[in-house]
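S.K.: A single structure is presented below for examination.
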Amino acid sequence: MGVKETEHFAAAPPRRAVGLMSGTSLDGIDAVLVETDGEGIVVPGPALTLPYDAATRVMLRAALGDAKEVAEGEPVPYAIRFVERRVTEIHANAVAELLRKAGLTAADVSLIGFHGQTILHRPEQRWTWQIGDGALLSRLTGIAVVNDFRSADVKAGGQGAPLVPLYHVALVHEAKGLTPPIAMINIGGVANVTYVGRDEVLAFDTGPGNAPIDDWAHRHTGKPVDEDGALARRGKVNDRVLTDMLDHDFFPRTPPKSLDRMDFTTDAVEHLSPEDGAATLTAFTAASIARAREHFPEPATTWIVMGGGRHNPKLMEELRARVNAPVLGAEDAGWRGDFIEAEAFAYLAARSRKSLPLSLPTTTGVPQPISGGRFHKP
């Protein structure tokens, strides 16, 4: 992008953008419309969730395993290319449905922020892999697309995650009644925190989120999640196993730091009953989030939880029992907890087009603030 184009965009008013997010929980796509300038202005609009069908979930789970066998630069296996196209087409369907819901056409939207589906995250090897064909999505929707948000950060030596913190900062600064420091917790497949201090921002993955709980519930109940924490509520936490799980070198490691969805599994609870395993995994997620306090410059006055994990009342109970501060759901702060990440990628897409930073040394460990993303015209 040339300097003149950047300056023109910077002077332009907020643009209508679509944000698309499919997280490591593999449950589906969140799609939102926002008006944003990529800086201080974000006006939320219509939103929807399009669940993945069972066959797509199966293919994505298989892709997680297949991706581990592929070295960077090697040809992509057909199975992964097939599911990438399928995922891209489903995202295009989500955009079409969102525009119908809003009464808009493609011509009314300037940009799509397309996160894609993470199937491998190995920042220590300077490699992160989100499947999703940005060029195809642009052709299918007729709207310009920004995707591949993480690669520039990882190639520069950053963790490539989490990427939502700058949007969290914008939310906190716009909110009324919140006094920093604030801990913004997102519980998806992996859990992460953004610590918004008085003069600083710090972000990192805290440990497992919903992923081990979901995998355990799926195996023992056939459902993709532990609905309302019911399975865990019937069980008892195995304190010895929980202590062993928390004795992992990830937790004391100085942030920034990030995880792959498969870095924490259900192996440690395999000998437990379905109920006790669910209870122990749920306690593990909550306890590992609470351990984030070890890295805060000073205690957070309030913890605000977003993402799918906040819908699990048992998980929220476990977290409240371990955090010496108020724990709120995103809605208590006036935000849409199911759609914050999707809103963030619309915001980051606008930042990308203005060559503004998407990540900072204190959020991903990148050597200096860095932009990113790949732009596709329809």
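S.K.: For Ile29, which sequence-distant residues (separation of 5 or more, or a different chain) have an amide H within less than 5 Å of its own amide H, given hydrogens modelled in the peptide plane?
M.R.: Placed amide hydrogens put Leu50, Tyr52 under 5 Å from Ile29.
S.K.: If one puts a single equal scatterer on every Cα of the chain and applies the Debye formula without solvent, what log₁₀ I(q)/I(0) results at q = 0.15 Å⁻¹?
M.R.: Here log10 of I(q) over I(0) equals -1.42.
S.K.: If I model a spin label as a point 7 Å beyond the Cα along the Cα-Cβ vector, how far apart are those points for Glu275 and Arg233 in nm?
M.R.: 1.3
S.K.: What fraction, in whole percent, of alpha-carbon pairs in the stretch 253-378 exceed 22 Å separation?
M.R.: Numbers: 4255 of 7875 pairs.
Percentage above 22 Å: 54.
S.K.: If I take R0 = 56 Å and measure r between the Cβ atoms of Lys155 and Arg240 in this structure, what FRET efficiency does the formula 1/(1 + (r/R0)^6) give, to the nearest 0.05?
M.R.: E(calc), rounded to 0.05, equals 0.85.
S.K.: Enumerate the calculated ³J(HN,Hα) couplings along the stretch 254-262 in order (Karplus 6.51 cos²θ - 1.76 cosθ + 1.60, θ = phi - 60°), each rounded to whole Hz, writing x wherever the residue is Gly or Pro.
M.R.: 5, x, x, 7, 8, 10, 8, 3, 8
S.K.: Hey, another quick one. Note down, for the stretch 33-115, the three equivalent ellipsoid semi-axes (square root of 5 times each alpha carbon gyration tensor eigenvalue), biggest first, whole angstrom.
M.R.: Numbers: eigenvalues 193, 53, 25 Å².
Taking √(5λ) for each Cα gyration eigenvalue gives 31, 16, 11 Å.
S.K.: Turning to a different aspect of this structure: Convex hull over the alpha-carbon atoms of the stretch 186-229: what's its volume per residue in Å³? Present the calculation step by step, with values, prior to reporting the outcome.
M.R.: Working: hull volume 2.5 nm³, N = 44.
Residue-normalised Cα hull volume stands at 57 Å³.
S.K.: Using each residue's phi in the stretch 174-188, evaluate 6.51 cos²θ - 1.76 cosθ + 1.60 at θ = phi - 60° and report the 3J(HN,Hα) Karplus result to the nearest Hz, with x for Gly and Pro.
M.R.: 3J(HN,Hα) across the stretch 174-188, in whole Hz: 8, 6, 9, x, 9, 10, x, x, 10, 9, 9, 10, 10, 10, x.
S.K.: I've got another one for you. For the chain, compute the number of Lys pairs whose alpha carbons are separated by less than 23 Å, excluding pairs fewer than 8 positions apart on the same chain.
M.R.: 10
S.K.: Taking amide H positions as placed 1.01 Å from N in the peptide plane, with prolines and chain starts having none, which residues 5 or more places from Thr206, or on another chain, fall under 5 Å of its amide H?
M.R.: Correct list: Ala191, Asn192, Val193.
S.K.: To continue, here is another question. Please report the Cα spread of the stretch 191-325 along all three principal axes, rounded to whole Å, starting with the longest.
M.R.: Dimensions of the stretch 191-325 along the principal axes of its Cα atoms: 46, 27, 24 Å.
S.K.: Using only alpha carbon pairs under 8 Å that are at least six residues apart, calculate the relative contact order of the chain and give it in whole percent.
M.R.: After rounding, I find 23 percent.
S.K.: Trypsin sites (Lys or Arg not before Pro) within the stretch 136-198: which are DSSP loop residues with at most 14 other Cβ atoms inside 10 Å? Before the final figure, lay out each step's value.
M.R.: Working: sites: Arg139, Arg150, Lys155, Lys176, Arg198; in loops: Arg150, Lys176, Arg198.
Qualifying residues, ordered by number: Lys176, Arg198.
S.K.: As a check on your grasp of the helix formula, calculate [θ] at 222 nm for the chain: sum -39500 (n - 2.57) over DSSP H runs of n ≥ 4, divide by the residue count, round to the nearest 500.
M.R.: Numbers: 13 runs with 140 residues, N = 378.
The per-residue figure over the chain is -11000 deg cm²/dmol.
S.K.: To the nearest 10 degrees, how steeply does helix 54-68 sit against the main Cα axis of the chain, on a 0 to 90 scale?
M.R.: It is inclined by approximately 90 degrees.
S.K.: Another one. Using the Karplus curve 6.51 cos²θ - 1.76 cosθ + 1.60 with θ = phi - 60°, what ³J(HN,Hα) values do you get for each residue of the stretch 139-155, in whole Hz, with x for Gly and Pro?
M.R.: 5, 5, 9, x, 10, 4, 10, 10, 9, 6, 6, 9, 4, 4, 5, 5, 5
S.K.: Under the rule that an exposed site lies in a DSSP loop and has at most 16 other Cβ atoms within 10 Å, name the longest stretch of the chain with no GluC sites (Glu not before Pro) of that kind, not counting the sites themselves. Write down the numbers at each step before the final one.
M.R.: On the way: sites that count: Glu39, Glu69, Glu72, Glu200, Glu270.
It works out to 73-199.
S.K.: Could you sort Ser151, Ser22, Ser355 by their accessible area in this structure, using a 1.4 Å probe and putting the largest first? Before the final figure, lay out the partial values.
M.R.: Values: Ser151 25, Ser22 0, Ser355 70 Å².
Result, largest first: Ser355, Ser151, Ser22.
S.K.: Taking a ≥ b ≥ c as the square roots of the Cα gyration tensor eigenvalues, with a/c under 1.5 meaning rounded and otherwise prolate when a/b beats b/c, else oblate, which class fits the stretch 131-184?
M.R.: Details: a/c = 4.44, a/b = 1.70, b/c = 2.61.
Oblate, since a/c reaches 1.5 and b/c is not below a/b.
S.K.: By what distance, in whole Å, do the Cα atoms of the stretch 306-354 stretch along each of the three principal axes, largest value first?
M.R.: Between the extreme Cα coordinates on each principal axis of the stretch 306-354 lie 43, 19, 17 Å.
S.K.: Let me ask something else about it. Counting pairs of alpha carbon atoms under 8 Å apart in space and at least six apart in sequence, what relative contact order in percent does the stretch 4-142 give?
M.R.: On the way: 202 pairs, mean separation 37.3, N = 139.
About 27 percent, as a whole number.
The values are calculated or read from the model by the stated rules, or taken from the named source; none is laboratory data. These figures come from a predicted structure and were not determined experimentally. FYI the Cβ positions are ideal-geometry reconstructions off the backbone, even for glycines, and counts take in every protein chain you see. For accessibility, only protein heavy atoms count, side chains too; no ligands or nucleic acids. Shrake-Rupley method; radii C 1.70, N 1.55, O 1.52, S 1.80 Å.
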